[in-house]
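Only one structure is covered here, and it is reproduced in the block below.
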Amino acid sequence: MSAVAEPVIETDADVLMRVVDLQMHFPIKRGLLQRTVGHVRAVDGVSFEIRKGKTLALVGESGCGKTTTGRCVLRLLEPTAGSVYFEGRSMVDIERSELRGLRKRLQIIFQDPFSSLDPRMSTLDLVSEGLEIHDMASGQARIDRVAELLDMVGLSRRDLHKFPHQFSGGQRQRIGVARALATDPDLIVCDEAVSALDVSIQAQVLNLLKDLQTELGLAYLFITHDLNVVRYIADEVVVMYLGQIVEQGPTEQIFNDPIHPYTKALLSAVPSVDPDVAAERAANRVMLEGDVPSPSNPPSGCRFHTRCPNATPECSTVEPEIREFRPGHSAAACPCFA
Amino acid sequence: MTNRGIGAGDVMNSDATSADIVLSVRNLKTQFKTRHGVVDAVADNSFDIRSGETVALVGESGSGKSVTALSVLHLLEETGSIANGEVIFDGRDITHLGEKAMRKVRGQEISMIFQDPATCLDPVFTVEHQLVEALTIHRSYDEAAAKDRALELLQRVGMPDPESRMDSYPHQLSGGQRQRVMIAMALALEPKLVIADEPTTALDVTVQAQILDLLRILQAEQGAAILFVTHDLGVVAEMADRVVVMYAGIAVEQGTVREVLKDPQHPYTEALLRSMPGRVAGTGERLTAIDGNVPSLFDMPDGCRFEPRCPHAMDRCRDELPDLISISDGRASRCWLRDESTVLTLSADAMTGATQ
């Protein structure tokens, strides 16, 4: 499929999406003339690859740019700079009409199953919206396809003509999943898709997403702040802080052997349900001071230096480079530890 | 039957004298009037908190944990009221205390920390104004002394740059800083009991760790009892001494945090723990979700409320809601599996399930 004279880069056969040096800067406008007085550098040079049939998790705290990154890779936002390649084809320079074709293969599930579904639309209409837009099915075929999708997500044909308010939060999120599956996508961006759910329901949806992945060979870009969920669902993890990647690698390596001080602090802050582990973690916790600084005015040098427990004077001037410490496991090589 | 069904007081440790007990909630039932009829948001909840102790009320949405906390403080919406049971604070029955007297209790003896400090702090007043107001109204401080005390409080809750923060308005503070102000206000009057309703749920995990740490330190200093309402069993494991697990308006299990999390005795607690992703982390094991949904308040099962989702459900569970059945000192489970007459017939796999 890379025969067309499009901007093509070499790609491993199993890489579905490659994001290179992605940047998204939002202008800050002030005053009567709405002059641009600065920029919020929400995403500032982010690169990663999503493999076919695998789950990549983007993690970080509020304002780290994980959601913006998710929107940019779907081109729901126009990135300021950088490239996104889907199966080797650039999504940034692509024609609008062609983008539409690609959109079938890229879907999103949102966090809030209450506000992301139009309350006036029936399940049938909600789930088949994508089918209609892409002319994929109509008439009885449309109804059958939606019934099939509902069955896949653990709902039933009987739910076809119900409205969102007739469902619980977990069931609504299943509708969100069915909607995303309708166009037979290759990649689904899950933006805090289970964060609003109670833990017993969250487990249902996580298992559903895992099963669908095995069955349909889906890839997920899983955006979440919940590290326990990440460890359960993700194959690879990208840790973000203030618009930049601080560490990325295979999930178990990140959790068992984190390199960057921010990753260490983040992991040690997660409360454990095991009282013994909880006590141990509390005793060895890397406590960070203060809050995440504003992305409109990020600290110089290493962006983490204002909260870093081992910051050196050098950290405020030298911007650390990403270095591969182990195969597939890289981190911002800060002078304070590298 | 008589020695199985027990009063709430007996469930708690017998080695503690009642003088230690700061708050005792007995058979609390809180109802709300709705367009579709009266619902029991809390059907039956009993627990005690002793001074210096942290008790967690844990449960999912609709379990009645927040309504229990609000009932204690008489902060229910107008449609809600305590229909049955008692709330005894510091030896005094405050269940039906009038609003005027209750306002005094709320200000001076029990304080509350809410989930979202942004909506609890007044947006048009500075931090200083709000702290000083609390001190002058409830503790007859004069203006200057109140100001000094306010600054001291901000320092104690670890507010960065406290002098200049005194003049800040709530919107100028971060979420973590606002929660620090809330904690400063809650502690300003040195209450005997602090009720914290999901105080860290809206915060990032590194900031949550700071706030939990702060609460622990301040509790050790002041010796206040804390009623900690949360949905997060991880926070329970870190913060609480004892825990009351709630499901669909009833307390289903209680005991020390270690006992309940290591050796759950109620099938709901057990299932809840098994559905937590943190528990299978790194093992490659599959999560065991709880099938189905929490029953609607308008359509509660007659018997045990967890019966429709319970893997161990028996005929008896459908018809009769069990009482809290005492297992050992301070340890109880509201499950027929714990009843002597059924214990003998327990299947082997139910036993292994309960002890895993």
*Quick one: if the Förster radius is 30 Å, what FRET efficiency do B:His138 and B:Asp167 give, using the C-beta to C-beta distance and rounding to 0.05?*
0.85
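Within the set of other residues whose C-beta is less than 10 Å from the C-beta of B:Gln108, count the net charge using Lys and Arg as +1 and Asp and Glu as -1. Don't skip to the answer; put the middle values down first.
Values: positive: B:Arg103, B:Lys104, B:Arg106, B:Arg139, B:Lys192; negative: B:Glu109, B:Glu190.
That works out to +3.
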*Residues B:His96, A:His329 arranged by fewest to most Cβ contacts within 10 Å*: B:His96, A:His329
*For A:Lys210 and B:Gln222, what is the calculated FRET efficiency with R₀ set at 45 Å and r taken between the beta-carbons, to the nearest 0.05?*
0.45
*Relative to the longest principal axis of the C-alpha atoms of chain A, give the angle of the C-alpha long axis of helix A:123-133, reported between 0 and 90° and rounded to the nearest 10°.*
80
*Using only Cα atoms, locate the centre of segment A:213-231 and the centre of segment B:77-141, then give the distance between them in Å, rounded to an integer.*
43
*For labels at A:Ala279 and A:Glu78 in the simple 7 Å Cα→Cβ model, what's the distance in nm?*
5.9
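Over chain B, what relative contact order in percent results from Cα pairs under 8 Å that are six or more residues apart?
On the way: 635 pairs, mean separation 74.9, N = 356.
This gives 21 percent for chain B.
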*Compute the separation of the alpha-carbon centres of segment A:109-131 and segment A:266-325 and state it in Å as a whole number.*
39
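Using R₀ = 22 Å, calculate the FRET efficiency as 1/(1 + (r/R₀)^6) where r is the Cβ-Cβ separation of A:Asn297 and A:Ser195; round to 0.05. Spell out each step's value before the answer.
Numbers: r = 28 Å, r/R0 = 1.27.
Efficiency for this residue pair is about 0.20.
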*Take each of the peptides A:174-187, B:246-259, B:298-311, average the number of other beta-carbon atoms within 10 Å over its residues, and list them starting from the highest.*
B:246-259, A:174-187, B:298-311
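Over segment A:87-221, what relative contact order in percent results from Cα pairs under 8 Å that are six or more residues apart?
Averaging sequence separation for qualifying contacts and normalising by length gives 33 percent for segment A:87-221.
Quick check: net charge around B:Cys310, other residues with Cβ under 11 Å of its Cβ, Lys/Arg +1 and Asp/Glu -1?
Details: positive: B:Arg305, B:Arg309, B:Arg318; negative: B:Glu270, B:Asp291, B:Glu307.
Overall, the nearby charge balance is 0.
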*Count, for each residue of A:167-174, the Cβ atoms from other chains sitting within 10 Å of its Cβ, then give me the mean as a whole number.*
2
*asked:* Can you pull out the trypsin sites (Lys or Arg not before Pro) in segment B:32-134 whose DSSP state is coil and whose Cβ has at most 12 other Cβ atoms within 10 Å?
replied: B:Arg35
*What's the local net charge at A:Gly65, with K and R +1, D and E -1, over the other residues with C-beta under 12 Å away?*
+2
*Of the cross-linked pairs A:Lys66/A:Lys264; A:Lys104/A:Lys162; A:Lys29/A:Lys104; B:Lys65/B:Lys104; B:Lys100/B:Lys192; B:Lys29/B:Lys100, which ones have a Cα-Cα span greater than 27 Å in the structure shown?*
A:Lys29/A:Lys104
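Laboratory data are not the source of any read-out in this text; all were calculated from the coordinates shown. Computed from a prediction, not measured in an experiment: that's the story for all the values here. No Cβ is skipped: glycine too gets one built from the backbone with ideal geometry, and neighbour counts run over all protein chains shown.
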